[in-house]
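This report refers to the structure that appears directly beneath it.
The values are calculated or read from the model by the stated rules, or taken from the named source; none is laboratory data. These numbers come from a predicted model, not from an experiment. Cβ sites come from the backbone with ideal geometry, for glycine too, and all protein chains shown count toward neighbours. For accessibility, only protein heavy atoms count, side chains too; no ligands or nucleic acids. Shrake-Rupley method; radii C 1.70, N 1.55, O 1.52, S 1.80 Å.
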Amino acid sequence: MNRDVIVEYVPLYVEALGRTVHIGLVGILGAILLGLGSSLILYFQVKGFRRLTRAYIELFRNTPLLVQLFFLYFGLPKLGLRITADFCGMLGLALIGGSYMAETFRSGLEAVDRIQFESAKSLGMSPWQTFFYVILPQAVSTSVPGFVANMIFLLKETSVFSAISVMDLMFTAKDLIGMEYKTMEALTLLVVFYLIMLLPVSVLGSLVERRVRYGSYGD
Amino acid sequence: MDLMGIELLFKGQNFLRILGGLWVSVRISLISVAISIGLGLLVGALMTLRRPVVRAITRVYLEIVRIMPQMVLLFIVYFGTTRAFGIHMEAELAAIIVFVFWGTAEMGDLVRSALISIPKHQYESAKALGLSRAQTYRYIILPQTLRRLLPLSINLITRMIKTTSLVMMVGIVEVLKVTQQIIEANRRTSPNAAFGMFAVVFVIYFLVCWPISMLSKKLEKRWSE
Amino acid sequence: MSETILKIDHLQKQFDSHVILKDVSLSVKKGEVIVIIGPSGCGKSTFLRCINGLEDIQSGDILLENRSIVGNTTQIQKERQRIGMVFQSYDLFPHKTVLDNVTLAPRKVQKRDKAEVEKEGLQLLDRVGLASKQNAYPRQLSGGQKQRVAIVRALAMHPEILLFDEVTAALDPEMVHEVLETMLELARSGNTMLIVTHEMSFARAVADRIVFLDEGGIVEEGTPEEFFEHPKTDRAKKFLASFEYHR
């Protein structure tokens, strides 16, 4: 392994990391919003949207991100919708993530005993007050482990973006291997940079999980 | 009328070629799942032991799998071994190694949690009835563990199938790659085929994975007592 | 009532430095029904679990017909089969039918004939009014029914001593009765029983002897009449008073 090569290529990886994180964060933000909306539609059984939401969730949970990206990136332009590779990555991540987040939030909501509605009602709270002060906080704490798992899953999924020529970490590594034959250096940097991206999330996630668990059971 | 490329599906051997590509993914998944289940049972049982060394090793292993994208692992095994040992590894073998490495961790964790989720009282009442350790496992613990595991293992199959789409990145010709080839070959007669054909792949994946996830959900519901 | 069948001799049990049972001695005669009562956390459940080898002990001895049953050798485990136990959380095996729950141990542990064991199992189930449920799974039964099956499961091993660890504590009030009724019948037909319970009127009806345990030691023992009418110690008086309501 050549140290000079590594030093030389670090800036390229830093740039790729920045791009990956940027796409990842925007995508995950979209996923959270989409998931929250979908889970509320399912929980409150909003007429007209329920079946559509269900179909969206099943469709995106049961297909690979790579296939979704190919469809969005190569297929959609044929309808005249031209999008950049970076935006396509964000969109794909938001769509697949939304379907996973929706399931997590929904089961969190459903884990809250419906009797809580009744007891809040008996205390004179309005349905909206009940939802915001009683149901949602409990649902959030049961959703945390699933949420953390989804975060890590989605950040890992960013590794397929290079297939639609997003210049991310994988793309950079592949380039180094293909063009310069610096396989070991490229792979080492790849692992290191993914660790830099994911290790903090994983550690932080475990901490939050523990905190929430103690919060809810006081043990 | 522009069929957006759907017509290519019925041209020549195209549909069969796509199914052939699908079979490549499914084959890799099934082989990997089968090996992962076997190894996962072993690793899961190991993880319930209270040996610090075993714990530390399995923990690091699980954490690696948890945070390293399968794609990165695939690159390491496929490109790394060639470079480090000078042997050329078949892409399919590399894929199976990576998926088994990943699947064993997933399975092991499932086995571990299934094992520890059996209430302590089940062990105690078996002991109070005079069953030996081996009998307790054979008649009481394992049957209950397997019931909890089956839906989760089925679920692992769909996740494997979805993840195997990555193997095109190391040059294995599977559904996506076959479809890409078909689109390329017909670029002049069906310029918009990318839309229709990738939509077809989308639907095919859904048709394969959705029934399996439904089955897994159903079994889980039925057996969650 | 004749010879001593079970003798607990200066039993000491602790978790790390925390003493659960200190210097407990008790002899049980054949056919005797002993009810152990005491406040929560006094160690009464642990006491039963020690007798059945579910907990190890730090010192003292447990003798079944003058032979120690402390330890985990195959021989001792075999001896221990003469003691049956029923737990609070009617822990039936969820993947087996009622009859299979009852016959599993006699067939696999005692290697008895399947047809014979099933016949006996059915008779026992009939005795507690559950013969019609033989093919049901535990999840299809009520709590009281599950607990009666658990009792039958223990009986099928032909134990010489039966231990009951708060078997009605997890039941709905209307189901407590049917389980206690079953236990009362077992007591009347001459079984040796050690019962931990919070049901005071049942304790009074079923016991030959009451043992009052507090803070890990036997504070007082006597016949039900002596204990309930004329408790000797302040601790027993205080304990009994906690069950009364003053208007």
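Side notes on the structure shown:
- Region B:99-121, residues that are within 14 Å of chain C (Cβ to nearest Cβ) and either touching a strand residue (DSSP E or B) at 6+ places or on another chain (Cβ under 9 Å) or not polar (S, T, N, Q) (or both): B:114, B:118, B:119, B:120, B:121
- Elements of the type helices (runs of 4 or more DSSP H) sitting completely within region B:2-110 and holding at least 1 residues that are in contact (Cβ under 8 Å) with a residue 40 or more places away in the chain, aliphatic (A, V, I, L, M) and surrounded by fewer than 20 Cβ atoms within 10 Å (Cβ to Cβ): these cover B:14-47, B:52-67.
- Test: residue in region B:178-198 that is within 10 Å of chain A (Cβ to nearest Cβ), in contact with a Cys (Cβ under 8 Å, 6 or more places away or on another chain) and either in a helix (DSSP H, G or I) or open to solvent by 30 Å² or more (accessible area, probe 1.4 Å) (or both): no
- Qualifying residues in region A:47-67 (those that are surrounded by 13 or more Cβ atoms within 10 Å (Cβ to Cβ) and away from chain B (no Cβ under 14 Å)) - the one farthest from residue B:209 (Cα to Cα): A:49
- Residues of region B:56-84 satisfying the condition of being of a type in the set (Val, Ile, Thr) and more than 7 Å from every other protein chain (Cβ to nearest Cβ): B:57, B:58, B:60, B:64, B:65, B:77, B:81, B:82
- Considering region C:91-113, the residues that are more than 9 Å from chain B (Cβ to nearest Cβ) and part of a loop (DSSP other than H, G, I, E, B) include one that is least open to solvent (accessible area, probe 1.4 Å), namely C:97.
- Taken as a whole, the condition of being out of contact with any Phe, Trp or Tyr (no Cβ under 7 Å at 6 or more places or on another chain), closer than 24 Å to residue B:122 by Cα, among the hydrophobic types (A, V, I, L, M, F, W, C) and in contact (Cβ under 8 Å) with a residue 40 or more places away in the chain does not apply to residue C:86.
- Every pair of residues 6+ apart whose Cβ atoms lie under 6 Å, when the first sits in region C:188-217 and is in a helix (DSSP H, G or I) while the second is open to solvent by 40 Å² or more (accessible area, probe 1.4 Å) and at pLDDT below 95: C:200/C:243
- Pick from region C:114-133, criterion open to solvent by 70 Å² or more (accessible area, probe 1.4 Å) and under 22 Å from the mean Cα position of the chain (by Cα), ranking: modelled with the lowest pLDDT: C:127
- Filter pass, residue A:26 being β-branched (Val, Ile, Thr) and at pLDDT below 95: no
- Considering residues of region C:1-54 that are within 14 Å of chain B (Cβ to nearest Cβ) and of a type in the set (Gly, Ala, Ser) only, the residue most open to solvent (accessible area, probe 1.4 Å): C:45
- Residue check for residue C:81: at pLDDT 85 or above, in contact with a strand residue (DSSP E or B) (Cβ under 7 Å, 6 or more places away or on another chain) and surrounded by fewer than 21 Cβ atoms within 10 Å (Cβ to Cβ): no
- Selected residue (criterion: nearest to the chain's Cα centre (by Cα)) from residues of region C:134-177 that are in a loop (DSSP other than H, G, I, E, B) and among the charged types (D, E, K, R): C:166
- Cβ pairs under 9 Å, 6+ apart, first in region B:156-167 and free of Cβ contacts under 8 Å to residues at least 60 places away in the same chain, second among the hydrophobic types (A, V, I, L, M, F, W, C) and open to solvent by 10 Å² or more (accessible area, probe 1.4 Å): B:158/B:208; B:158/B:210; B:158/B:212
- All told, residue B:164 meets the bar of being part of a helix (DSSP H, G or I), β-branched (Val, Ile, Thr), crowded, with 21+ Cβ neighbours inside 10 Å and in contact with a Ser or Thr (Cβ under 6 Å, 6 or more places away or on another chain).
- Test: residue in region A:136-147 that is open to solvent by 40 Å² or more (accessible area, probe 1.4 Å) and closer than 22 Å to residue A:62 by Cα: yes
- If you go through region A:70-101 and keep only what is modelled with pLDDT of 95 or more, of a type in the set (A, V, I, L, M) and in contact with a Gly (Cβ under 7 Å, 6 or more places away or on another chain), you end up with A:90, A:93, A:94, A:101.
- Boolean, residue B:134 is away from chain A (no Cβ under 13 Å), surrounded by fewer than 16 Cβ atoms within 10 Å (Cβ to Cβ), at negative phi and not acidic (Asp, Glu): yes
- Among the residues of region C:61-73, some residue qualifies, meaning at least one is within 11 Å of chain B (Cβ to nearest Cβ) and either more than 17 Å from residue C:145 (Cα to Cα) or more than 16 Å from the chain's Cα centre (by Cα) (or both).
- Candidate set from region A:178-219 (those that are among the charged types (D, E, K, R) and open to solvent by 70 Å² or more (accessible area, probe 1.4 Å)); member that is modelled with the lowest pLDDT: A:219
- Helices (runs of 4 or more DSSP H) enclosed by region A:71-178 - at least 2 residues per element that are within 14 Å of chain B (Cβ to nearest Cβ), of a type outside the set (A, V, I, L, M) and under 17 Å from residue A:29 (Cβ atoms): A:85-111, A:136-157
- Among the residues here, residue C:220 qualifies as among the charged types (D, E, K, R) and in contact with a helix residue (DSSP H, G or I) (Cβ under 7 Å, 6 or more places away or on another chain).
- Restricting region A:26-46 to residues that are under 20 Å from residue A:89 (Cα atoms) and small (Gly, Ala, Ser), the residue that is most open to solvent (accessible area, probe 1.4 Å) is A:30.
- If you check B:172, B:140, B:154 for being at the interface with another protein chain (Cβ under 10 Å from one of its Cβ atoms) and of a type in the set (Val, Ile, Thr), only one passes: B:140.
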